[in-house]
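Working notes, beginning with the structure itself.
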Amino acid sequence: MSLFIIVALPFFGALLPGLMNPAGRSATAGVTFTVTLSAFIGLLTNLPAIIAGEVVTARIDWMPLLGLNFTLMLDGLGFFFAMLILGIGLLIIAYARQYLSREDNMGEFLTYLLLFQGAMVGIVLSDNILLLLIFWELTSLSSFLLIGYWKHLPEGRQGARMALTVTGMGGLAMIGGMLILGNIVGSYDLSVILQNRELIQADPLYLPALILILLGCFTKSAQFPFHFWLPHAMAAPTPVSAYLHSATMVKAGIFLMARMWPVLSGTPEWFVIVTTAGLITMVLGAVIAVFKHDLKALLAFSTVSHLGLITMLLGTGTAFGAMAAVFHILNHATFKAALFMSAGIVDHEAHTRDIRRLGGLRKLMPVTFAIVTLAALSMAGIPFLNGFLSKEMMLEEATHTVLFDLPLLVPVLATIGSLFSAAYCFRLISHTFLGPVRDDYPSKPHDPNAAMWLPPALLIIPVIVIGVAPFLVEPFVRLVTYSVLGGAAEMPYAHLKIWHGFGPALYMSMIAVVGGLLVLALFRPALTLWDATPRPEAKTIFEALIAAVVDLARMLTLPLHNGAFSRYAAIATIWIVGAGYFAWRTGTASLADYPNQTTDPVLISGWAMLVAATLGMVFLHRNRFLSLILMGIVGLMVSVGFVFLSAPDLAMTQFTVEAVTIILMLLALNFLPERTPVESTVLRRMRDTVVAIAGGLAAFGMAYYFMLRDPVAPTISDFHLANSYKGGGGTNVVNVILVDFRGFDTFGEIIVLSIAALLIYALTEALLGGPIRARLLNRKPQRPQAGGVHPMMMVVLTRGMMPVALMVGFYIFLAGHNEPGGGFIAGLIVSIAVVMQYMASGFAWASDRLRYPYHGVIGAGVLVAGLTGIGSWFVSKPFLTSDFTYVRIPPFNEFELATAALFDVGVFLSVVGAVMLSLESFSRLARRKDSPESDYAMDIDPSRHDPEPQSAQEGV
């Protein structure tokens with residue numbers, strides 16, 4: 001299966017859970033399971049090529065000029081992580097079906113899960129570091145939605161914000177590091193970067209790039225000092241914790257360190273930074289985990305510790321360390337996912353995760369007890385389970401690692417970390433399942449149905465099989481390790497086997513197990529000492545830092561961004577004047593000799609009206625309604641100016657935009673006083689006058705220069721005029737620029753327009769749902785309001801105008817590529833026609849008959865435009881590259897078919913949806929308590945009581 005399909009399946013599949021939600025929880029989970037299974041099977045189809053040592057690649061140019069291409073690469077390392085993401089994802093989906101309650105929205109949850117899954121698969125298969133960064137940030141956003149899924153829990157919202165903040169800041173740092181790497185190598189393709197080890201490490205920017213990239217890895221993988229966000233993310237539902245914190249999100253940083261190992265490792269800087277961070281995280285996480293009473297918190301800090309273990313192994317820079325890291329990634333994913341799901345089972349059945357309220361569950365939950373015992377013993381490093389093998393490899397590597405010229409530092413810290421790791425594993429088993437059965441459980445515990453315990457039970461199979469027969473996975477581990485090394489080091493000769501003989505690693509492992517049992521025996525005095533020891537709270541420090549950053553930002557921005565528009569205008573004007581003065585003093589300019597233009601009375605009249613309306617706005621701006629009328633006149637005269645200058649597209653756009661904005665602003669004025677109060681002193685107004693005059697003179701000078709300058713080089717207009725028809729297939733240069741040459745800009749503009757409309761909707765809904773609702777409903781407007789019955793003539797005209805306007809809009813849309821028009825103008829024309837229905841017949845009547853989900857219209861528009869751009873990838877062309885052809889169907893003349901028309905459909909839908917959603921939002925806000933709620937058309941007077949026809953009275 002194509003790599004593109006494997007990456008795309010979760011994203012497109014994310015549309016299905018919401019659609020299947022009405023069909024039931026099982027159907028929703030089933031379709032999600034099918035999507036993930038399809039991607040997993042597609043991944044397995046590439047296994048023969050991976051085993052043969054091949055690297056499967058796929059490439060589609062996206063934005064080649066920026067170096068951003070949709071390039072994918074599947075080697076042993078990518079296959080390994082994708083297998084974990086999709087394989088464990090299947091078990092999580094099955095588990096979530098049983099775990100989530102009926103009150104939880106299954107479709108919403110699984111949609112977020114598939115989005116996160118797709119982003120993770122994208123990370124591990126990316127062969128372009130810019131593309132990898134996009135997927136990297138998508139994991140942060142989608143994990144934010146998953147962690148904060150239970151919106152009613154303050155802990156969930158706080159944990160989601162903390163995770164997004166920490167990983168987001170790390171992502172920003174990593175962007176800088178990746179850009180530096182791309183600049184050093186001259187390419188953003190990962191496969192090219194991985195072949196330039198010497199070039200990168202010899203560059204003076206190697207260290208800044210290394211630090212920035214490691215910041216991204218450490219924040220994502222919860223390495224000290226960024227480890228604190230992961231335990232707070234445990235407020236998420238258990239399926240999220242089991243997925244994100246065993247095999248996916250927290251392993252993203254580990255993956256990237258492994259992926260960049262060939263080019264970044266092997267230097268003293270890499271060794272010191274990565275090994276030190278890993279060691280500290282390993283020991284710190286293990287010590288804290290011992291004293292946690294919440295099952296998920298204990299497992300969270302154990303995850304932090306094991307992530308530190310893997311990071312330390314990668315930091316050593318040896319081939320054996322890399323192999324041990326790969327092996328432990330596999331083992332940790334199996335036993336940790338099983339433990340998280342088992343903790344969820346205990347919480348689900350006993351209604352508590354507090355270890356102090358548990359104990360004695362061995363007899364009540366025997367199946368769960370068996371799963372937890374085997375997984376926890378594996379995590380503790382007990383022989384004949386997979387965790388023992390990789391942990392012993394870690395201890396072996398530690399004995400050969402010298403940090404800060406201290407030969408015993410790494411072995412001692414590794415042993416201490418392993419000791420406390422064994423201690424929390426033994427406590428997990430003992431304090432949760434052993435001991436007498438209690439009679440004060442919050443709920444009577446019992447094993448759940450098989451559908452719930454089967455997913456973690458399946459993960460115990462590799463825990464045991466690998467533990468007793470590691471040779472079964474050794475070829476695969478070596479294959480993945482070979483991809484990690486990337487030719488930078490030779491493959492280690494060591495083999496995976498149960499018995500390596502007596503040696504330092506075995507003795508250290510024995511010390512860890514015995515020490516763990518001793519800590520468990522002395523737990524109560526140790527807990528008393530722990531509680532009495534003062535220690536900083538990471539959450540408190542984080543919140544203090546965030547508060548300090550917010551205060552600093554407020555101190556810097558409030559003098560400039562304080563809500564006073566006059567200050568914004570003054571600052572911008574001063575900068576413009578200053579820049580113009582600097583250019584005038586330091587630069588050179590030559591003016592061309594142009595013949596004087598003949599005086600045109602029409603032009604002078606239009607110019608005079610424009611100036612008069614502008615001056616009227618300046619002197620009469622306190623009258624808000626009059627200012628709005630004058631502003632409309634200014635817009636109208638600008639439209640006329642476009643017509644005079646032979647720019648019909650701009651004229652039509654300007655005119656329709658003016659019409660729509662005037663209507664929306666009239667609705668907004670309904671909530672404001674008739675006059676703007678005087679809030680500034682005379683001196684301040686004099687100051688503003690001076691600044692405004694200076695800005696006006698500067699703008700005049702700039703316009704005068706540009707009109708008279710002597711063009712010495714071809715302008716971009718020449719390119720567009722020359723290539724509009726042969727390159728874009730259209731004779732309307734303006735429209736071709738919008739949908740072809742600068743289609744990406746237009747795509748961004750409709751997204752901004754859509755966001756603005758959605759923000760208007762959100763703000764008005766918040767007002768209607770808040771304490772200000774009563775004031776809005778009972779307010780007394782200062783202006784006279786329209787009555788319940790609208791003029792008959794206006795109603796009749798607008799009804800007849802509607803189909804005509806739709807036909808005009810349809811024509812303008814179709815004609816746009818070769819004649820004035822296009823999707824944007826057509827959308828505004830149709831919007832005006834619909835707005836007129838609201839104005840003529842009232843909100844209640846129009847909204848009752850125009851029941852369109854304008855949110856969906858906006859979404860459909862953006863989706864259509866985006867899919868049109870993506871379609872060009874399938875023919876190996878950059879995003880939003882258009883194509884066209886000419887066809888002839890007798891008896892019609894030859895006509896053009898262009899993909900840009902589909903993009904224009906998206907623009908049309910977005911414009912209509914944005915305008916109508918804004919109108920509806922303002923109209924709903926403008927309704928008062930005494931507004932008429934008539935089911936009649938507003939051209940019929942509800943007070944009339946015409947006699948019924950005789951036939952109706954007789955029932956004929």
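The values are calculated or read from the model by the stated rules, or taken from the named source; none is laboratory data. Bear in mind that the values here come from a model prediction, so they are computed numbers and not experimental data. Because the Cβ atoms are built from the backbone with ideal geometry, glycine has one as well, and the counts that use them run over all protein chains shown.
For every residue, the table says whether it meets (1) farther than 18 Å from Val304 by Cβ; (2) charged (D, E, K, R); (3) without any contact (Cβ under 8 Å) to a residue 40 or more places away in the chain; (4) not in a helix (DSSP H, G or I).
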site	(1), (2), (3), (4)
Leu145	yes, no, yes, no
Lys151	yes, yes, yes, yes
Gly171	yes, no, no, no
Gln201	yes, no, no, no
Ile211	yes, no, no, no
Phe226	no, no, no, yes
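Tallying residues that are buried (at least 24 other Cβ atoms within 10 Å of the Cβ) and at pLDDT 85 or above within segment 805-820 yields 1.
When Met631, Met686 are checked against the criterion of being at negative phi, surrounded by 18 or more Cβ atoms within 10 Å (Cβ to Cβ) and modelled with pLDDT of 80 or more, a single residue qualifies: Met631. Test Asn105 against the criterion of being within 22 Å of the chain's Cα centre (by Cα) and surrounded by fewer than 21 Cβ atoms within 10 Å (Cβ to Cβ), and give yes or no. Spelling it out, Asn105 is indeed within 22 Å of the chain's Cα centre (by Cα) and surrounded by fewer than 21 Cβ atoms within 10 Å (Cβ to Cβ). Out of everything in segment 184-196 that is part of a helix (DSSP H, G or I) and in contact (Cβ under 8 Å) with a residue 12 or more places away in the chain, what residue ends up being surrounded by the fewest Cβ atoms within 10 Å (Cβ to Cβ)? Filtering first and then ranking leaves Ser191. Being at pLDDT 80 or above and touching a Phe, Trp or Tyr at 6+ places or on another chain (Cβ under 6 Å) is true of Leu650.
Scanning segment 62-76 for residues that are surrounded by 23 or more Cβ atoms within 10 Å (Cβ to Cβ) and either part of a helix (DSSP H, G or I) or without any contact (Cβ under 8 Å) to a residue 24 or more places away in the chain (or both) yields a count of 0. Among the residues of segment 20-52, the ones that are touching a residue at least 60 places away in the same chain (Cβ under 8 Å) and either among the charged types (D, E, K, R) or surrounded by fewer than 22 Cβ atoms within 10 Å (Cβ to Cβ) (or both) come to 6 in all. Considering segment 495-511, the residues that are in a loop (DSSP other than H, G, I, E, B) and surrounded by 14 or more Cβ atoms within 10 Å (Cβ to Cβ) include one that is farthest from the chain's Cα centre (by Cα), namely His500. If the condition is being of a type in the set (A, V, I, L, M) and not in a helix (DSSP H, G or I), then segment 1-44 contributes Met1, Ala14. With respect to being in contact (Cβ under 8 Å) with a residue 60 or more places away in the chain and at positive phi, Gly467 falls outside the description. When Val367, Val463, Val402 are checked against the criterion of being under 29 Å from Arg524 (Cα atoms) and of a type in the set (A, V, I, L, M), a single residue qualifies: Val367.
Restricted to segment 536-563, and to residues there that are acidic (Asp, Glu) and in a helix (DSSP H, G or I), the residue that is nearest to the chain's Cα centre (by Cα) is Glu543. Does Ser483 satisfy the criteria of being at pLDDT below 90 and of a type in the set (Ser, Thr, Tyr)? Answer is no for this residue. Assess whether Val875 counts as being among the hydrophobic types (A, V, I, L, M, F, W, C), exposed (fewer than 15 other Cβ atoms within 10 Å of the Cβ), modelled with pLDDT under 80 and more than 25 Å from Gly821 (Cα to Cα). Judged against the criteria, Val875 is a match. Of all residues in segment 616-642, those that are more than 17 Å from Ala659 (Cα to Cα) have Cβ atoms under 6 Å from Cβ atoms of residues that are surrounded by 15 or more Cβ atoms within 10 Å (Cβ to Cβ) and of a type in the set (Gly, Ala, Ser), 6 or more apart or on another chain, in Met617/Ser627; His621/Ser627. If you check Leu645 against the conditions, is it loosely packed, with under 14 Cβ neighbours inside 10 Å, closer than 27 Å to Ala692 by Cβ and either modelled with pLDDT under 85 or out of contact with any helix residue (DSSP H, G or I) (no Cβ under 7 Å at 6 or more places or on another chain) (or both)? Judged against the criteria, Leu645 is a match.
The residues of segment 658-687 that are under 42 Å from the mean Cα position of the chain (by Cα) and part of a helix (DSSP H, G or I), listed by number, are Glu658, Ala659, Val660, Thr661, Ile662, Ile663, Leu664, Met665, Leu666, Leu667, Ala668, Leu669.
Wholly within segment 242-309, which helices (runs of 4 or more DSSP H) include no fewer than the required count, namely at least 3 residues that are closer than 24 Å to Thr373 by Cα? Where helices (runs of 4 or more DSSP H) fall fully within segment 242-309 and carry at least 3 residues being closer than 24 Å to Thr373 by Cα, they are 268-290. Of all residue pairs spaced 6 or more apart or on separate chains, those with beta-carbon atoms under 8 Å, a first member in segment 424-451 that is farther than 29 Å from Val287 by Cβ and a second member that is of a type in the set (A, V, I, L, M) and assigned to a loop (DSSP other than H, G, I, E, B) are Tyr441/Leu358; Pro445/Met365; His446/Met365; Asp447/Met365.
Would you confirm whether any residue within segment 702-710 is closer than 28 Å to Trp575 by Cβ and modelled with pLDDT of 80 or more? Taking every residue of segment 702-710 in turn, none turns out to be closer than 28 Å to Trp575 by Cβ and modelled with pLDDT of 80 or more. When the residues of segment 374-395 are filtered to those that are closer than 16 Å to Ile460 by Cβ and among the polar types (S, T, N, Q), the one that is surrounded by the fewest Cβ atoms within 10 Å (Cβ to Cβ) is Asn386. Within segment 393-418, the set of residues being farther than 20 Å from Gly317 by Cβ and touching a residue at least 60 places away in the same chain (Cβ under 8 Å) comprises Thr415, Ile416, Ser418.
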